[in-house]
1. Hey, among the residues in the range A:969-981 that are open to solvent by 80 Å² or more (accessible area, probe 1.4 Å) and at pLDDT 80 or above, which one's farthest from RNA strand B (Cβ to nearest atom)?
2. With A:Gly1000, A:Gly1039, A:Gly1064, A:Gly1045 as the choices, which residue is surrounded by fewer than 14 Cβ atoms within 10 Å (Cβ to Cβ) and either within 30 Å of A:Ala917 (Cβ to Cβ) or touching a residue at least 12 places away in the same chain (Cβ under 8 Å) (or both)?
3. Report yes if some residue within the range A:116-137 is of a type outside the set (S, T, N, Q), touching a residue at least 24 places away in the same chain (Cβ under 8 Å), closer than 30 Å to A:Asp689 by Cα and assigned to a helix (DSSP H, G or I); otherwise report no.
4. Show me the helices (runs of 4 or more DSSP H) found entirely inside the range A:692-769 where at least 1 residues are within 11 Å of RNA strand B (Cβ to nearest atom), among the aromatic types (Phe, Trp, Tyr) and without any contact (Cβ under 8 Å) to a residue 40 or more places away in the chain.
5. If A:Val923 satisfies all but one of (1) within 16 Å of RNA strand B (Cβ to nearest atom); (2) among the β-branched types (Val, Ile, Thr); (3) crowded, with 18+ Cβ neighbours inside 10 Å, what's the number of the condition it fails?
6. Do we have A:Ala573 as open to solvent by less than 10 Å² (accessible area, probe 1.4 Å), more than 19 Å from A:Met501 (Cα to Cα) and of a type in the set (Gly, Ala, Ser) here?
7. Which of the residues belonging to the range A:469-486 are near RNA strand B (Cβ under 9 Å from one of its atoms) and of a type in the set (Phe, Trp, Tyr)?
8. Of the residues A:Arg825, A:Arg820, which single one is under 27 Å from A:Glu907 (Cα atoms), in a helix (DSSP H, G or I), out of contact with any helix residue (DSSP H, G or I) (no Cβ under 9 Å at 6 or more places or on another chain) and open to solvent by 20 Å² or more (accessible area, probe 1.4 Å)?
Amino acid sequence: MSDSVSPFRAPPSNPSFPNLEVDILKFWDDNNIYQESLAQRSDAPSFVFYEGPPTANGLPHPGHCLTRAIKDVFPRYKTMRGYRCERKAGWDTHGLPVEVEVGKELGIHSKEEIEAYGIEPFIQKCQQSVWRYMQQWQTLTRRLGFWVDLEEAYVTYHQSYVESVWWSLKTLFERGLLYQGHKIVWWWAQGGTALSAGEVGQGYREVADPSVYVLFPLVDSPGRSLVVWTTTPWTLPSNMFAAVHPELEYSVVRDEELGCELVIASALVEMIAAKLKRELPIVETVRGQSLIGKRYVPPFDAYHKTLGEATGELTTGETEHKLWRVVAANFVTTESGSGVVHQAPAFGEVDYDVLIEEQKRFVESDRPELLCAVGPDGKFTDEFPEMKGVWVKDADKPLARTLREAGRLLLLDQYLHDYPFCWRADEDPLIQYPRRSWFIRTTRFRDLMLKNNSQIGWQPEHIRDGRFGNFLESNVDWALSRERYWGTPLPIWVCQETGRMEAIGNYDELLAKPGIEGTEVWAKAKAENPELADDLRVHKPYIDAVTYDSPFAKGARMKRVTEVIDCWYDSGAMPFAQWGWPQQNNDRFQDQFPADFISEALDQTRGWFYSQLAISTMLFGEGSTITENSTNENSTNKNSTNKAAPNFAEQAYPHPYRNCIVLGLMLGEDGKKMSKSKKNYREPSEIFDKYGADALRWFFFAGQPPWTAIQYREQSIKDSIPEFLLRLWNVFSFFSIYAAIDGFDPTSATKADDQLTPESLSSAPTYRDVNERSEIDRWVLSELDHTTEVVVSCMDELDNYNACQALSAFVDALSNWYVRRSRDRYWASEKASQDKYDAYWTLYETLLQTTKLVAPFVPFLSETLWQHLTHPFAGGTRKSVHLCDYPVADASRIDTGLSTSMKLLREIASLGRSARAEAKLKVRLPLSKVEVVLADESEIAWLKTHDSLVREELNVKAVDYTTDGDQYVQYSVVPNFKRLGPRVGKNMPVVKKMLAETDGNTLLTALAKDGFVSIELPGAETLKLDNEDIEVRLQAKQGWAAAQGSGSVVVLNTEVTDELRQEGVAKDLIRTIQNQRKEMQCDYTDRIVVGVVSDEEDVKAAVTMHRDLICGETLASKLDLAAVASVDPVETEFGQVYVQVEKS
RNA sequence: GGGCGUGUAGCUCAGUUGGUUAGAGCGCGUCGCUGAUAACGACGAGGUCCCAGAUUCGAGUUCUGGCACGCCCA
């Protein structure tokens, strides 16, 4: 090799990965590596990734690290595989959480307070507040190595984004898919606002409510009443129906005290009788079905006096009373109550569904209308004059009293249950309350959504038919509107005179309306505060001020509805709205739709996964047509691409995403949900500082499949360092040290290309064809290419876990077999031997390829390795490993036979060590022989050529292989179950028994002679078994120092001769002396003088016989069987050992 | 209450279409190496595969019913 100074830099021996990572971040920034990785693929086929927009309105936590790591690894991989993978960041910026944050800041929380504060300054604050934690998000994203275009991020409050959403809503509106209806919400009456499910969930606590059993007298059966149970007496005035389960049995019982008959579910009669403390003899029993349709008198007559006899026409042409009938409902149970359920659809979502079902039975003009005697303030309205102005919860007692006085109260009791209170005002109970709301008719698309879903590649697969599929099956119309302030305004304008409506698709379209007024509100605000983001002009309150002439009635004005929309709709519109499509960027949208890959956590099933699928199916699915804004001739289409709005009806499912990895929930150290108060997790920044981003990433990728619930364990993150990162580093470090010593110069490959592919390195004069290299070289390269094959096929299937398993196993084999077995080849004193060149080239190539393989997973470490490994080329190679192509397996290098043989060899070495340990014969003590018994001969010839390796590993003088190991081994023959199962079936246990009972050796002999053995089955049937049909197992006999593996048994010759023992002592002495050298902190070139004083003959003999060996190994210039003056001896089992450093 | 998922070694987790010796890492124990060295390696102990039934020649794996935990929805 060249005598010039090695171009390799010696790497730090104990690297600080966190520090190296920070350097790499700077390197990437300084050199625009990410941008270049994209530019390099500008003409490549695209692999489309969508970023599910996080909300920057909260701190990022470890769960987000997982999401962002997974979102990073596949785009990186695909990019290296030759695709163009753009990664546009995005931020979710609208919604209640933002309003709440701002409210906290301002010390206000009710809607009244917000309005008192002023909507205009409030939403301005919202817009500013969205970025509250932006810095942390960006820092985390960058530090984790998540490559994404933060500068080009889409933002849901941007005008272009809002306009895309408007366009889609207008499309839906014009297709008749938007409508107004009621939605029963959890309502905070005092604050005048609905609460989200999450908020409601926070406020449950146990309370005692009245439990009343009320009589509903049946109209057509005088003296007979339904018994109805409720814990909310205040809902009784708004009663509309009573529900029974058609399949349940009901009893008519006689109540002597009241002098009437009661209808109660049979299963509950006893319970109610016990509460009443009186007998309720059964008069008759009936099925729920027979009660259906029976009319009753409601407990209060507020509505009854006018509507009591109201009838309507059914769709069947018949006539039926609209209200106060018994209806069927299968949610009725007999767990509590009476089995007859009071229905006040205004105050219960389930009850409301019953009303909807009832309404559907009637012709449209004759439907029962919702009864609601309570106002949004939670107080009775004049529809129930008796209690007008009374807060509902205060009405419970007086209502019960009224019922009692009217003889309608069977029983008053108390009932303990959990009931939600407002989390912001915990004295305020929430009530369910109907609100006018806008809906999207998603139910009409249920089957198409299911069809679309069925084509999506879900990871894990059970999401498709499980959680997500079920959710789609039970689809209900999307409640779109929110009575809030900070959100995308619902773009519907209403004629103030006729109530007719139209949707607006973008801001210019609005401005072009005739008689436009109100735009000055925005102009004024902007003039007063030029800093205001222009995007705010499409938000409340500015947009609300904009009105125009009604096309429906002369002189009337069009005014926007007041609502904003659900921010899930924002995020679901992201596939087109991120581009501002269709107003602009048609080509970008066309290119980037649908996504090949998205990933979020499980909680997005009903969130982003759904909102995207629903919107895409409605807009671009089968049967949909995209209409041009033809009615709006004034709209200024700045971009001609707007005209080219495609018809996506032809777009094959699935869209808008083809593959989705659903990540499991991340749990804290204690296996519980992560929570700041419990402090059961580490802050990401601490992890980065202590262990580095690669350690965290590897923990995510290699620890478990990503969809399992992951327990965040600091120890596991820490473990990824020695298990993988450091192990790989050590191999590299080993290589660098010796490459530097020997002056190994890869630049001698004059035709080396900029990715240092093996083909191009072969131009080096010292580079030999792999086939000519030693076996271990061929072996490691075979393993490398096999690993490459596995990793590529896993990653193509989005399976990071098994890809990492393969990588981990390979790095282990590289470190613990290849390098270990090859060390002396690098130490060889001959600098220019071909074997040494082979060793260097093999390890160099292996490291290069491994570095590329691990690049998507551990981008920092791989970059560091790449920089070092390519350093000799002084800039002639690609600047970054991330600009390289992903390795492709070279099938010609994969030698499965060699792989199998080597595996057996390693097993034999391992068994030998095991046998030694068992027999308490330490490896340092040489043994004369091992005998290896194999099940068959196929590998013997190959193994024999590796005797020296086995001798060395096991420290024995000789190795013998045999298949005839009767002496040591018991043969047993078992059937090959998998093969014979189908053929033998029920007789399998018999076959197994017969094979076991026959002498193994006899069978094997017969098999060898005839190629088959015959077995007589009980049914006089003869079974011929060839050697594929059976499996030979070896079992070491007792009394031998032996260990057995799957196909081999290793037997030790335990006879220890004097010679062997003395050699063992010599090796022990060497070790003792080496330890002493270390104690004395010798430099490894220091010469020493050694003295050994012992009474034992073996020790004396060992020193005499093996003086050269001992001196050579320990760099001793002198070794005597005498004390060394002025040195303290170490006491050992061999006597006293003196070691002194020689004065130079 | 419904849906979905999970339950395998002390801990964290793998386990391919059912095939008869259930794996890994950590931890623990023993030993080794000392020219990758504040590292490293080998070997070992440790398992009623949550429980009970069923299907099957054969079940950690399929089915049914429980139990426990988690998530989502009521």
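The values are calculated or read from the model by the stated rules, or taken from the named source; none is laboratory data. All of these numbers come straight from a predicted model, not from anything done at the bench. Counting neighbours? That spans all protein chains shown, and the Cβs are built from the backbone with ideal geometry, glycine included. For accessibility, only protein heavy atoms count, side chains too; no ligands or nucleic acids. Shrake-Rupley method; radii C 1.70, N 1.55, O 1.52, S 1.80 Å.
1. This residue is A:Arg979.
2. One residue alone meets the criteria, A:Gly1039.
3. Yes: one or more hits.
4. Once the helices (runs of 4 or more DSSP H) in the range A:692-769 are filtered for at least 1 residues that are within 11 Å of RNA strand B (Cβ to nearest atom), among the aromatic types (Phe, Trp, Tyr) and without any contact (Cβ under 8 Å) to a residue 40 or more places away in the chain, what remains is A:693-703.
5. Going through the list (1) within 16 Å of RNA strand B (Cβ to nearest atom); (2) among the β-branched types (Val, Ile, Thr); (3) crowded, with 18+ Cβ neighbours inside 10 Å, A:Val923 breaks only (3).
6. Yes.
7. Across the range A:469-486, the qualifying residue is only A:Phe471.
8. Values: A:Arg825 fails: out of contact with any helix residue (DSSP H, G or I) (no Cβ under 9 Å at 6 or more places or on another chain).
Criteria check complete, one pass: A:Arg820.
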